[in-house]
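Here, each number is a calculation from the coordinates, and none is a lab measurement. Just so we're clear, the structure is a prediction, and the values are computed from it rather than from any experiment. Here the Cβ positions follow ideal geometry from the backbone for every residue, glycine too, while neighbour counts run over all protein chains shown.
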Amino acid sequence: TVIAIAIPAIVTDFNTFSGLSWIGTAYFLASTPLIPTYGKLADIFGRKPVFIVGITLFKAGSLICGLAPSMPVLIVGRAVAGLGGGGMLPMVVIIISDVVPLRDRPKFQGIIGACFGLASVAVGGAFTDKLSWQWCFLINLPVGALTVFVVLVYLRLPLSLILSHSHPISNLLPLTIALYQAPVTQPHGDIHAKLRKINLLGTFWLSSTAVLIVYALTAGGVNYAWSSAPIKCMIVLAVFSAFMFVFLETKFVKHPLIPRELLENRHVIAAWICAFFLGMTFYSM
């Protein structure tokens, strides 16, 4: 969201519109396929290490963007940031789901959404006007370092946390203390057993689906006509990849990337379709 505010300054600085659309596209091409993968890795290796990997990759990409001397380097930095960004927000949502009762989760997720909107507009606008657009990215380094410190020192995911009663927002401090004092959950099994649970085949087909759809929707009408052969081929391949993913996940894979009961639940599928069109509308603005 901060990119939309910084784009005019970026165009002025680099004196080119070439590759401008790829500033956002590169991020989503890298992050979108990895969102469910991060969730699966969090189940295998634990929330904390996967969360820290995502933050670290995002910081690395932000550093590249902040020091980028040209548009192509900026696009590469956005792609690297996307590799980490694909796990940051999902991991926050997963951790909230681990420790907060179902009826209270909308409150916490609402706070996250508000922070996204307010911080991006305020911080992005202030840095772009008062300093430079580079600081829209460089600010992620100290903030990311602080986040890693908090996760390492204070985040404790308990084996069992008594949260059977509703916790209002005003009760965040006792909840935080309870989390800090609780024992840490570590997934069982040695490293080889954990590695065997990684579903590379499912990751490949799901990533192919996401990349093809995102690129087709981005390039259509810009790089290629909507009726052109490349766009048609990408759409057909995306449908085929999606079919292969669902077929293998529901029939053959021992450790599916997405639980089978979700793929077979029409209510969940309907929610995914709604989220798809919502994201398509929101992120295209």
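Quick look at the numbers
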quantity: Top positive-direction residue, dipole computed over segment 199-283 with Cβ charges, set F243, W226, C274; calculated: F243
quantity: Efficiency of FRET from Cβ geometry, R260 and R196, R₀ 25 Å, rounded to 0.05; calculated: 0.85
quantity: Computed Rg/Rh of segment 237-277, alpha carbon atoms with Kirkwood Rh; calculated: 0.99
quantity: Potential extension, D129-L89 segment - 0.36 nm per residue separation minus Cα distance; calculated: 11.7 nm
quantity: Label-point separation, L67 to F149 (7 Å along Cα→Cβ), nm; calculated: 2.2
quantity: Footprinting exposure proxy for F252, F116 (fewest neighbouring C-beta atoms within 10 Å first); calculated: F252, F116
quantity: Three-way shape call for segment 1-92 based on the alpha-carbon gyration tensor, with the a/c threshold at 1.5; calculated: prolate
quantity: Sites H267 and N15 - FRET efficiency at Förster radius 51 Å, r taken between beta-carbons, to 0.05; calculated: 0.50
quantity: Cα shape, segment 199-283, gyration tensor, a/c 1.5 rule; calculated: oblate
quantity: Two-site label geometry, C274 and D43: point separation in nm, points 7 Å out along Cα→Cβ; calculated: 2.4
